[in-house]
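One structure below.
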Amino acid sequence: MSRGLPIELWRVIVSLLPSAEKRTCLLVCGVLHDIALPHVFRTVDLFLGSWYEARDPLQLDPHALDGIYLPPASTPDSHRRQQVSLEMLSRISSDSRFAGQVRAVNVGAFCCNHEVCSRGISGLLADALRCLTALESFAYFGDHPVLSVELFDALAAGSAKTLRHLRVPAGWNLDPRQLKANLSLKSIIIGRIRETDLEPYPPPPDSNLAKSAHAVRSLADAGTKTLQRIRVPDFTWFTPAALSNLVEVELTYLHGREVDINIVLTHFPRLRSLVLVSVEHRHVAPFGAHPTALPLLESLDISARYYIPVAHFKEFIVAKKHLRRLNVMTCDERVEILDLLPRLPRLEVLGLDLWCYEWTEELHEKLDKALPAGLTALLIWDGMEESVVSKADWARLLQKRTALRYFHVLPETERDADISAELLEHRPPSLELVGLGWKIRSVERLSESDSEPRDGDDAHTHSYSEPWSLAKVWFRAAEDFGDPDWEWLLRGHNASMFKTAHVLE
């Protein structure tokens, strides 16, 4: 390395490098190693066992995977990941300086009956958690081993003063009276759950789900001054009146629930993001009586299983002059939501369901006129049985959105909705990422030796990367996308991506 550059400048340079290059810096010299270490190991992923074999909580329609190969737990790569995770736990427990660099830990607990589980993995994990004295974010996936009281107390013992973000499984089997933690959390997220886990409703008091709800409510009540985001199935998981400071509320399962949405509209004056999943008529009816509620709202996501008239929340939406992200899935054959879009001047991120038997030229023209020119991300749930509009015309419509960086289609019918080839030919200049169902691919510029420009034809200057792995799609985070808007837009669509009604957000 150059001796002419001050250490402060090297810190800036390393911070701007891609992840792979940061890892390379660990091997260059001692100085760059020390600079890169906090960046490379800021987030630590611990995958124990095989997620592919556990399929937790994935219950997939085989046709949704389109022949993808799911590697068994016995593959060398699976063993390597397990060994790396065990070595990481040992390093954290034995090296306090290294442990102090870690800010986020994601645990994938899918051991099942594999050898790694016979090594006292819960004890190793608990020992490591006690050593993480600067941890800010902790996420736990799976239940082998379960997130026990001992593990959670170990987490709190190490990072009670610094932990701000917590994600736990829905079936978190803890009695809140056993929790010794005193945390100042900013966000609490309940992980993806099976629909069958939510029945009967309300759950019996001695059920895992009821215990989970009590534990989460206990943590939320303790964070009345700090909690800003909560993501839970419904209001039984927290006390709304005690959390007026919330800026993000996500209620992820309202189907069949007696939930008073008036509480959302009147108790959270600072709310900037609202997500309501599986809504029914009774849930959206209050919007009409409170059109000026939540004046600071920037993000709104409303999804329903059956037709919900846009008229229920039309005035509420158009009154939100700060609204930048909108995802509306209400099975509306008339696509009435398009009439509202020109009245949302700041809209940049949009999710639509195009639910109709035949997509006509008239509907296509209406969509073209309604979509904002400055749209940066667009997701379309494609429920069309037939379309008279060609794939090239669809691509040309998108090409007009010169700021569009991310486009995703979730096909629901047998009709071929793949316009990826046409998008390369009529590519929006800013396009970076394209999704079709669960397949997500980057748009990459070809090298000069590989490209064959033909009269400005972008199809011969750009190509698609290999699709993301199934595990990456399932465990996706904002860091994977490179833009939190894109993660938000796709957040509630696992059932459509993976063709299963069993998975909820």
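The values are calculated or read from the model by the stated rules, or taken from the named source; none is laboratory data. Computed from a predicted structure; not experimentally measured. Note that we place each Cβ from the backbone using ideal geometry, even for glycine, and neighbour counts take in every protein chain shown.
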Surrounded by fewer than 16 Cβ atoms within 10 Å (Cβ to Cβ), within 30 Å of the chain's Cα centre (by Cα) and of a type in the set (Lys, Arg): is that true of Lys400 in this structure? yes
If a residue has to be at pLDDT 95 or above and closer than 30 Å to Phe475 by Cα to count, how many in the stretch 383-393 make the cut? 0
Filter the stretch 22-34 for residues that are at pLDDT below 80 and surrounded by 10 or more Cβ atoms within 10 Å (Cβ to Cβ); the one that is nearest to Phe98 (Cα to Cα) is Asp34
If I ask for residues that are of a type outside the set (A, V, I, L, M), at pLDDT 95 or above and crowded, with 19+ Cβ neighbours inside 10 Å, which ones from the stretch 325-347 would you list? Arg325, Asn327
For the stretch 415-426, state whether one or more residues are assigned to a loop (DSSP other than H, G, I, E, B), within 22 Å of Leu344 (Cβ to Cβ) and not assigned by TED's automatic domain parsing to the domain that holds Asp332. no
Please name all residue pairs, on different chains or six or more residues apart, with Cβ atoms under 9 Å, provided the first residue is in the stretch 276-296 and is under 24 Å from Leu489 (Cβ atoms) and the second residue is of a type in the set (D, E, K, R) and part of a helix (DSSP H, G or I). Phe287/Lys314; Phe287/Glu315
Exactly one of (1) modelled with pLDDT under 80; (2) more than 29 Å from Leu347 (Cα to Cα) is unmet by Leu504. Its number? (2)
With the condition kept exactly as written, say whether any residue in the stretch 250-260 is more than 15 Å from Ile302 (Cβ to Cβ) and of a type in the set (A, V, I, L, M, F, W, C). no
I'd like to verify a number: residues in the stretch 148-170 that are outside any helix (DSSP H, G or I), under 15 Å from Ile188 (Cα atoms) and either in contact with a Pro (Cβ under 6 Å, 6 or more places away or on another chain) or of a type outside the set (D, E, K, R) (or both), how many? 8
Conditions (1) more than 28 Å from Arg346 (Cα to Cα); (2) free of Cβ contacts under 8 Å to residues at least 12 places away in the same chain -> Glu358 fails only (2)
Of the numbered conditions (1) crowded, with 21+ Cβ neighbours inside 10 Å; (2) under 18 Å from Gly351 (Cα atoms), Arg305 fails exactly one; give the number of that condition. (1)
Being at pLDDT 80 or above and surrounded by fewer than 19 Cβ atoms within 10 Å (Cβ to Cβ) narrows it down to one of Asp127, Asp77, so name that one. Asp127
Note down all Cβ pairs under 8 Å where the first residue falls in the stretch 390-414 and is among the acidic types (Asp, Glu), the second is not in a helix (DSSP H, G or I), and they're at least six residues apart or on different chains. Glu412/Trp381; Glu412/Asp382; Glu412/Gly383
With respect to Glu479, is the statement that it is closer than 30 Å to Leu254 by Cβ, modelled with pLDDT of 75 or more and not polar (S, T, N, Q) true? yes
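In the stretch 227-264, which residues are of a type in the set (A, V, I, L, M, F, W, C), more than 28 Å from Ser496 (Cβ to Cβ) and more than 23 Å from the chain's Cα centre (by Cα)?
Taking the stretch 227-264 first, the residues of a type in the set (A, V, I, L, M, F, W, C) are 227, 230, 232, 235, 237-238, 241-243, 246-247, 249, 251, 254, 259, 261, 263-264.
Adding the requirement that they be more than 28 Å from Ser496 (Cβ to Cβ) leaves 227, 241-243, 263.
Ala241, Ala242, Leu243, Ile263 - these are the residues of the stretch 227-264 that are of a type in the set (A, V, I, L, M, F, W, C), more than 28 Å from Ser496 (Cβ to Cβ) and more than 23 Å from the chain's Cα centre (by Cα).
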Quick test of your reading of the structure: Trp172 fulfils all but one of (1) surrounded by fewer than 20 Cβ atoms within 10 Å (Cβ to Cβ); (2) more than 23 Å from Gly100 (Cα to Cα). Name the failing condition by number. (1)
Output yes when any residue across the stretch 352-374 is surrounded by fewer than 18 Cβ atoms within 10 Å (Cβ to Cβ), of a type in the set (Asp, Glu) and in a loop (DSSP other than H, G, I, E, B), and no when none is. no
Right, Asp143: buried (at least 18 other Cβ atoms within 10 Å of the Cβ) and modelled with pLDDT under 90 or not? yes
